[in-house]
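Data block below; observations after.
Taken together, the values in this text are just the output of simple stated rules run on the coordinates, not laboratory data. Keep in mind the model is a prediction, meaning the values are calculated, not measured. Cβ sites come from the backbone with ideal geometry, for glycine too, and all protein chains shown count toward neighbours.
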Amino acid sequence: MSTPNEGDALASRFPAAFAWGAATSSYQVEGSTGADGRGKSIWDSFVNEPGRVVDGSNGDTAIDSYRNIAGDVALIKSLGLNSYRFSLSWPRICPDGDGRVNDAGLKYYSDLVDALLAEGITPWITLYHWDLPQALEDAGGWPERATALRFGEFARIAHEALGDRVKHWITVNEPWCSAFLGYASGEHAPGRREPASSIAAAHHLMLGHGLAARAVKAADPEATVSIGLNFYPVHAASADPGDLDAARRVDGVQNRWFTDAALRGAYPEDVVEDFKAVTDFSFVLEGDMETIHAPVEVLSVNYYSRFNVTGNGGATSASAAPTGAGSAWPANEHIGFVPAGLPVTDMGWEIEPQGLTETLKRLHANYPEVAVAVTENGAAFQDKLEGGRVHDLDRLEYVQSHLGACADAVAAGVPLVGYFAWSLADNFEWAWGYTKRFGLVYVDFETGERTVKDSGLWYGDLVRRARSNREAE
Ligand code: FCB
């Protein structure tokens, strides 16, 4: 653990106006999935299919955030954070995914926003963090263009209700996961394994992004609009041409496909060529790329790990890849992920803090017109609650080293505007259920009781130092 002086030194390396936060998402924390007129989402259906979630669990209760606004806000405040990133459950607000609005669902978010603002905590809203209304999946889901149009409408509805108080809007979270884990490998809801559809889904998620970004901007030109993407430095496992090409392909889909579309209005040519093996792109219509190329002020960076890839899928080690094996990579089935021998988290994800500095510097070099925020960063480890404490030195060191990596990026001139730890509290980790703990706060999943972990205490201390240094200036 750092000494007070080291804490001050790290704190002083961040800009004065900085969003110090933690993040969550609706399905992972809210629970109350049947309350107050909420519609069903694709995750409600998926978790009920045998074998989809390792511990057979679901988000029916999650960590009960829907019924605990006061407790959650008090926790955020106790950590000294000035920002909180959470997502809206689309089916809570629009139960059928269409224009019919459920006022009770909207009220929850409105109350949460008010409670945050009353404590001086700035809300950052994610409009889509994977819980598509089941009604829209029944009509074809993200591979259908209509879903993107519905999403644009949902953004307008959400902004109309909350935009008077909320200025930070992230359109979609990690469309890579929604498209390729949802529709190619089937590891996430809705669990389909259709490579061609997954590319159409990826396109419609981006079209949805463009429509949502434009809806928010039309209503409030001062709003800060962002898209949340998951980035990984990609290394070839060897100098073998097959491995080098695998690295190009993975980097292309993961790091360039979505950013080039959003910020340049064009998909990268080399990846288009790769994808032609499985799709003819007939779903890309005239004008789509212009719509997708909507004004964005901040690029939201979710960073966890790095990839070491081979073109020889036979060597795949599923545990070395945050995303499982090559089935999540359409037209790239021979790709494999091999460990580089770095320390790993409880997810098996290799830990490489300087990869975050590299990622931020590269994004700034390629897209200098946007600011960047780290909107997710964190690690799962096996925690033990003992005597009212969780001594999670492993997570503390993870967060500390990655904040150091952020500070290095700031020193190199990257316009970094915020850092959000994933996650505020332990929660439902998708296909891993409750078996993976990412929180700064430990949650007893039986009683819902919260205990701030040592990593949370350390982070809170750093944030207080950073904020008080700046307030003193
Ligand atoms: C990200 C997701 C988030 C959480 C973390 C661990 O890909 O956005 O919901 O699952 O990974």
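Before moving on, here are some points about what is shown:
- Taking the fewest neighbouring Cβ atoms within 10 Å as the starting point, the ordered list for ARG100, ARG52, ARG437, ARG85 is ARG100, ARG52, ARG437, ARG85.
- Environment charge of SER401, counting only residues whose C-beta is closer than 12 Å and scoring Lys/Arg +1, Asp/Glu -1: -3
- A Förster radius of 25 Å combined with the Cβ-Cβ distance from ARG264 to GLU333 puts the calculated FRET efficiency at roughly 0.35.
- From the C-alpha gyration tensor of the chain, square roots of 5λ in Å: 30, 27, 23
- SER282/GLU153 FRET efficiency (R0 30 Å; Cβ-Cβ; nearest 0.05): 0.80
- When you filter the GluC sites (Glu not before Pro) in segment 202-293 for DSSP loop state and at most 16 other Cβ atoms inside 10 Å of their Cβ, you are left with GLU222, GLU286.
- Modelled FRET efficiency - R0 25 Å, ASP55 with ALA35, Cβ distances, 0.05 increments: 0.60
- Partners of LYS77 within straight-line reach, counting aspartates and glutamates whose Cα lies under 13 Å from its Cα and excluding those fewer than 8 residues away in the same chain: GLU119, ASP461.
- Neighbour net charge for THR122 - beta-carbon separation under 11 angstrom, K R +1, D E -1: +2
- Pairwise centroid distance, computed over Cα atoms, of segment 1-77 with segment 263-300, Å: 31 Å
- Segment ALA411-GLN382, length gained on full extension (0.36 nm per residue, minus Cα span): 7.1 nm
- Ranked HIS168, HIS293, criterion: other C-beta atoms within 10 Å, fewest first: HIS293, HIS168
- Full extension of the chain between ASP240 and LYS361 gives 40.9 nm of extra length, using 0.36 nm per residue less the Cα-Cα distance.
- Likely footprinting exposure, PHE86, PHE445, fewest C-beta neighbours within 10 Å first: PHE445, PHE86
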